Amino acid sequence: MNTESKAAFAAELADNLNNNILPYWLEKMRDDEYGGFFGRRDSNDSLVPGADKGAIMNARILWTFSAAYLATGRKDCLEAATRAKNYILSYFVDKEHGGVYWALKADGSVADDKKQFYAIAFTVYGLAEYYRATGDKEALEAAISLFRSIEQHSRDRMKGGYREAATRTWKPIEDMRLSEKDENFSKTMNTHLHILEAYTALLRVWRTEDSIEATRYALEIILNKIMNHADGHLGLFYDDDWNRMDAEKSYGHDIEASWLLLEAAEVIGDKELYDKTLKITRRLADAALEGLCCDGSMVYERHGNGTYDNEKHWWVQAEAVVGQAYLEHYHGVKGSLEGARRTWDYIRDNLVDNANGEWFWSRMPDGSINSAEDKAGFWKCPYHNGRMCMETLKILNS
């Protein structure tokens, strides 16, 4: 991609970040009655009064606006990040038992007190980035405390890896699923990937023997247990003994992991581990691109029976942009930036809501806009798309 094309691509991403994604959350999601941010806007972009507030959404808001403040210097981003940080520490953090609650009611009272380690990891991720942006010691201390909760209560020191969930008091819990669509098994790719992501962010700002060891450990679990070296894809669900319990291929997670794993190895700083990870993540990215369509969009997943889920989810398309940009920048695969640009063109023309702000959840297999899923909510946050803009801008401007 030539200099002029890079500049045009970068300009479009910066415009979408600053004039579409961030303003939506600054202007439409701020809860001035109860604090923090509203829990949900539906597919029609209507606020849902009284909707629960999820830990994941709030942690991702914290990360996004902290990162955006670092990237842009915008004071409104700093204010939003501080609002998110204060709300999380005041309401989501369990001051008696540690960890964070899964969900709160609109007024800040507890709706669901289970400890999902995926949500705790995202809170570490957001708090570490806030500290990186501001130097706020309270945020760092909270991130370290949550890191220690994961290491104490989730890490399986007998059979390896990290368990999914626990009760409020860290006892075993029957239903460990992140969502209704997930299988109920004790170890998952998704939670391991985002524990690694959180530990990478924390390692950037708190480099100790413990944080280095845990980040390396989380990375090596994915490389050695979750990566299927026969086909280049990640497995999704495992039991305690690391027996794989699925036969799916999740192209979105594959392409997301292809750059998050490399980022982690880079921050760890061990050359031998980095070189190993570089080789594996190239294989992982190539496998993920099996799901790339000629229009630049990426298929959601391939089921174990060989059929495809061809819904074009917003987050999968966002991760496909970053993954392809990494392929060119880190792996030297020429033409991959043009591929990232094609995926962005698909997003721009099919998922960006220019009338109301933010992106639609997905396009259905028939090409129609998904009218059932939220515009903002428990899972629909400014994290995947905002991060895509910021990560790809770093590469385009390097």
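The values are calculated or read from the model by the stated rules, or taken from the named source; none is laboratory data. Not measured: the values here are computed from a predicted model. Reconstructed Cβ throughout: ideal geometry from the backbone, glycine too, with neighbour counts over all protein chains shown. Calculation scope for accessible area: heavy atoms of the full protein, side chains included, ligands and nucleic acids excluded. Shrake-Rupley method; radii C 1.70, N 1.55, O 1.52, S 1.80 Å.
Could I have the simple spin-label model distance between Glu311 and Lys394, label points 7 Å from Cα toward Cβ, reported in nm to one decimal?
Using points 7 Å along Cα→Cβ, the separation is 3.0 nm.
At most 16 other Cβ atoms within 10 Å and a DSSP loop assignment: could you name the trypsin sites (Lys or Arg not before Pro) in segment 289-377 that fit?
For trypsin sites (Lys or Arg not before Pro) across segment 289-377 that sit outside H, G, I, E and B with at most 16 neighbouring Cβ atoms in 10 Å, the list reads Lys334.
Taking every Cα atom in segment 259-348, find the radius of gyration and the maximum pairwise distance Dmax, and write them in Å.
That works out to 13.9, 40 Å for Rg and Dmax.
Under 10 Å, Cα contacts only: if you run a Gaussian network model on the chain, which one of Asn44, Asn20, Asn86 comes out with the highest mean-square fluctuation?
Of Asn44, Asn20, Asn86, the most mobile in the Gaussian network model is Asn44.
Before rounding to the nearest 500, sum -39500 (n - 2.57) across all DSSP H runs of length at least 4 in the chain and divide by the residue total; then give [θ] at 222 nm in deg cm²/dmol.
Per the formula, -16500 deg cm²/dmol.
Would you mind checking which residues have amide H under 5 Å from Val100's amide H? H placed 1.01 Å from N; only 5 or more apart, or other chain.
Asp94
Report the equivalent ellipsoid semi-axes for segment 1-49 in whole Å, largest first, defined as the square roots of five times the eigenvalues of the gyration tensor built from alpha carbon atoms. Working shown, then result.
Numbers: eigenvalues 221, 26, 7 Å².
For segment 1-49, the semi-axes come out at 33, 11, 6 Å.
Select from Val48, Ala198, Val333 the residue farthest towards the positive end of the dipole of the chain; place +1 on Cβ of Lys and Arg, -1 on Cβ of Asp and Glu, and compute about the Cα centre.
Farthest towards the positive pole: Ala198.
With θ set to phi - 60° and the Karplus curve 6.51 cos²θ - 1.76 cosθ + 1.60, what are the ³J(HN,Hα) couplings of segment 161-171 in order, to the nearest whole Hz, using x for Gly and Pro?
Per-residue couplings from phi come out as x, 10, 7, 6, 7, 8, 6, 4, 9, 6, 8 Hz.
Over the chain, what relative contact order in percent results from Cα pairs under 8 Å that are six or more residues apart?
Here the relative contact order equals 18 percent.
If the viscosity is 0.890 mPa s and the temperature 25 °C, what translational diffusion coefficient in µm²/s does Stokes-Einstein give for segment 212-366 when Rh comes from Kirkwood over Cα pairs?
Working: Rh = 16.2 Å.
The calculation lands on 151 µm²/s.
Place a +1 charge on the Cβ of each Lys and Arg in the chain and a -1 charge on the Cβ of each Asp and Glu, then give the dipole magnitude about the Cα centre in debye, rounded to the nearest 20.
720 debye
On alpha carbon coordinates alone, what is the Rg over Rh value for segment 1-150, Rh being the Kirkwood radius? If you can, show how the numbers build up before the last one.
Details: Rg = 16.4 Å, Rh = 16.1 Å.
Result for segment 1-150 is an Rg/Rh of 1.02.
Quick check: at a probe of 1.4 Å, how many percent of the accessible area of the chain sits on carbon and sulfur atoms?
Solvent-exposed carbon and sulfur of the chain make up 46 percent of the total.
Out of all Cα-Cα pairs in segment 140-271, roughly what percent, to the nearest whole number, are more than 20 Å apart?
In whole percent, the share of Cα-Cα pairs in segment 140-271 beyond 20 Å is 45.
Counting GluC sites (Glu not before Pro) as exposed when in a DSSP loop with at most 12 other beta carbons within 10 Å, what is the longest stretch of the chain free of them?
The reported range is 181-398.
What relative contact order, as a whole-number percentage, does segment 233-345 give when Cα pairs under 8 Å and 6 or more residues apart are counted?
Numbers: 176 pairs, mean separation 29.7, N = 113.
About 26 percent, as a whole number.
Hey, in the GNM for the chain with a 10 angstrom Cα cutoff, which one of Asp94, Asp76, Asp270 fluctuates hardest?
Largest GNM mean-square fluctuation: Asp270.
Which residue, Leu78, Leu26, Leu337, tops the fluctuation ranking in a GNM of the chain built on C-alpha contacts under 10 Å?
Checking each option, the largest mean-square fluctuation is seen for Leu26.
Please work out the Cα center distance from segment 129-173 to segment 261-307, rounded to the nearest Å.
Between the Cα centre of segment 129-173 and that of segment 261-307, the gap is 26 Å.
If you line up the Cα atoms of the chain on their principal axes, what length do they span on each, largest first, in Å?
Extents along the principal axes: 55, 47, 41 Å.
Which FRET efficiency value, to the nearest 0.05, is calculated for Ser145 and Lys181 with the Förster distance at 25 angstrom and r the Cβ-Cβ distance? Provide the component values of the computation, followed by the final result.
Values: r = 31 Å, r/R0 = 1.24.
The pair Ser145/Lys181 has a calculated efficiency of 0.20.
So how do Ser297, Ser179, Ser398 rank on accessible area, 1.4 Å probe, biggest first, that is with the largest at the start?
The residues order as Ser398, Ser179, Ser297, largest area first.
Rg and Dmax in Å for segment 291-398, alpha carbons only: what are they?
Taking only Cα atoms of segment 291-398, I get Rg and Dmax of 14.0, 43 Å.
If you count only protein heavy atoms with a 1.4 Å probe, what accessible area per residue comes out for the chain, rounded to a whole Å²?
Averaged over the residues of the chain, the accessible area is 39 Å².
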